[in-house]
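Colleague: Quick one: this structure, given as structure tokens, is what I'll be asking you about.
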Amino acid sequence: MHARADATSEQAAENAAEPTAIWPEQIFAILQRFDVRQVPYVPDAGHSQLIERVLGSSSMRGIVLTTEEEGVALLAGAWAGGQRGVLLMQSSGVGNCINMLSLTQIFRFPFLTLVTMRGEWGEFNPWQVPMGSSTQGVFELAGVKVLRASHPDEVREVVEAAASQAYNACTPTAVLLSQRLIGTKVFVK
């Protein structure tokens, strides 16, 4: 029984995200290259490295949100004021944005969101599964194009394509950062 517990702990450690993953730094560099100035976010462990880089930047402004739909409106206002932004959120927050996502169609502003996924790879929390399973469909029904990155070696290319689509073609775009990429959460008593 003890050997099985050790194997489970080892597997959980393997599934956990690397504390110094390279892909958040790649995303930050892409955002800089596309002259992103405003980065609204709801605090999230999956985005923590990227948020730290944004908060330490002199050219970007990180804006803590109360709820995710505020970020959609903030990005519309940023664009009206001549600035680009990106919304950082977790898949559970996508459901909060459904009504506000209509702004992306009405005003045709460049909307980009990076979404850390829950409710998929190795999820322990049953409350995360329904929205995690529906995230892509919700975006697509709202007219938002969806790209996905599941492995560290594809993040740069996927985010680059999404930023180009959003900022150059004014196509509302969401990048889903797979739970497999960010790692499963492990809670121990």
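Colleague: With label points built 7 Å along Cα→Cβ from the Cα atoms of Cys170 and Leu55, find their separation and express it in nm.
Modeller: 3.5 nm
Colleague: What is the spread of the Cα atoms of the stretch 24-159 along each of their three principal axes, largest first, in whole Å?
Modeller: Cα extents, longest axis first: 40, 33, 28 Å.
Colleague: Considering amide H positions built from the backbone, and no H for Pro or chain starts, which residues 5 or more places from Glu120, or on another chain, come under 5 Å of its amide H?
Modeller: For Glu120, no residues qualify.
Colleague: For the stretch 44-169, with every protein chain kept in place, what is the accessible area per residue (1.4 Å probe, Å²)?
Modeller: That works out to 47 Å² for each residue.
Colleague: Just add up the charged neighbours of Gly93: K/R +1, D/E -1, any other residue whose Cβ is under 14 Å from the Cβ of Gly93.
Modeller: Taking every other residue near Gly93 into account, the sum is -3.
Colleague: Here's another thing I want to ask about it. Report, to the nearest whole %, how much of the accessible area of the stretch 37-189 belongs to carbon and sulfur atoms, 1.4 Å probe, protein only.
Modeller: Roughly 53 percent, rounded to a whole number.
Colleague: Something else now. Work out how much length Thr67 to Glu160 would gain on full extension: take 0.36 nm times their residue separation and subtract the Cα-Cα distance, in nm to one decimal.
Modeller: Stretched fully, the Thr67-Glu160 segment lengthens by 30.9 nm.
The values are calculated or read from the model by the stated rules, or taken from the named source; none is laboratory data. Because the structure is a prediction, the values reported are computed rather than measured. Using ideal geometry, Cβ is built from the backbone for each residue, glycine included, and neighbour counts are taken over all protein chains shown. We work out accessible area using only protein heavy atoms, side chains counted, and drop any ligands, DNA or RNA first. Shrake-Rupley method; radii C 1.70, N 1.55, O 1.52, S 1.80 Å.
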